[in-house]
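Participant: Have a look at the structure that comes next, please.
Only the coordinates and a few stated rules stand behind these numbers; no lab work does. As the structure is a computational prediction, the values presented were derived from the model and not from experiment. Reconstructed Cβ throughout: ideal geometry from the backbone, glycine too, with neighbour counts over all protein chains shown.
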Amino acid sequence: MEKICTLDEFNHRIKKVVITKEEIEEAIQRAGKEISDSYDGRPILLVSILKGAFVFMADLCRAITVPCEIGFMCAKSYYSGTKSSGVVKITMDLDQDLSNYHVIIVEDIVDTGRTLRDIVKLLKARNPLSLRVVTLLDKPDRRLVDFKADIALFTIPDFFVIGYGLDCAEYFRNLPYIAEYNPE
Ligand code: 5GP
């Protein structure tokens, strides 16, 4: 996509709102309660995968009412065709020793499932006390590998979405809702 220059162009790309700000807020409150109830009294580390999950992480951690720590990592998976090379390149790593924590990965969207499958494998090798995955969005129709998040706030059909941290060419992360992207 070309760099967007005008507000008209920006607005034109937002096809329709598929999940409102209010629906996201409600679902996050429910997920926060579920996490608070099940991890109370245990050392929790929320791990967000940048950049897409930064908005979700910011809201989810504030819906958790028990002590928790946060961490960020940037990871890229490399594939040739549909085959995984099995290589996850960490471009920014966590600074915590995972063996001291119940780790909850906080992700924006599970699509083919390959990125999370690789990250889960990588983090499990660091021996966390336990490991679970929370994703804001799940697109099960697109799955190429056997992967299921422990908590998925919304299941969506197979179309490209933007907003609430999710981008297209680095734009639209600042939208407070999830929208379908208009490619035309
Ligand atoms: P997977 O490895 O599950 O195929 O890919 C996950 C990553 O692909 C997500 O973290 C996200 O960055 C990107 N992705 C997948 N589907 C979408 C989508 O509909 N919209 C946006 N903005 N990114 C997506």
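Participant: Taking region 27-76 on its own, how many of its residues are acidic (Asp, Glu) and touching a residue at least 40 places away in the same chain (Cβ under 8 Å)? Write out each step before concluding.
Facilitator: First pass over region 27-76, keeping only residues acidic (Asp, Glu): 34, 37, 40, 59, 69.
Restricting the remaining residues to those that are touching a residue at least 40 places away in the same chain (Cβ under 8 Å) gives 34.
Of the residues in region 27-76, 1 are acidic (Asp, Glu) and touching a residue at least 40 places away in the same chain (Cβ under 8 Å).
Participant: Scan region 136-159 for residues that are within 12 Å of the ligand (Cβ to nearest atom) and over 15 Å from the mean Cα position of the chain (by Cα) and report the count.
Facilitator: The number of residues fulfilling the criteria is 8.
Yes/no matrix, rows are residues, columns are (1) closer than 23 Å to residue 24 by Cα; (2) crowded, with 20+ Cβ neighbours inside 10 Å:
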| position | (1), (2) |
| --- | --- |
| 112 | yes, no |
| 116 | yes, yes |
| 121 | no, no |
| 126 | no, no |
| 132 | yes, no |
| 137 | yes, yes |
| 144 | no, no |
| 148 | yes, no |
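Participant: Also, quick follow-up: Would you be able to say whether some residue in region 32-39 is in a strand (DSSP E or B), more than 23 Å from residue 163 (Cβ to Cβ), among the hydrophobic types (A, V, I, L, M, F, W, C) and within 17 Å of the chain's Cα centre (by Cα)? Walk me through it before giving the result.
Facilitator: Of region 32-39, the ones in a strand (DSSP E or B) are none.
Checking region 32-39: not a single residue is in a strand (DSSP E or B), more than 23 Å from residue 163 (Cβ to Cβ), among the hydrophobic types (A, V, I, L, M, F, W, C) and within 17 Å of the chain's Cα centre (by Cα).
Participant: Let me ask something else. List the residue pairs whose Cβ atoms are under 9 Å apart, where the first residue sits in region 161-173 and is more than 8 Å from the ligand (Cβ to nearest atom), the second is among the small types (Gly, Ala, Ser) and assigned to a loop (DSSP other than H, G, I, E, B), and the two are 6 or more positions apart or on different chains.
Facilitator: Listed by first residue and then by second, the contacts come to 165/52; 165/53; 173/52; 173/165.
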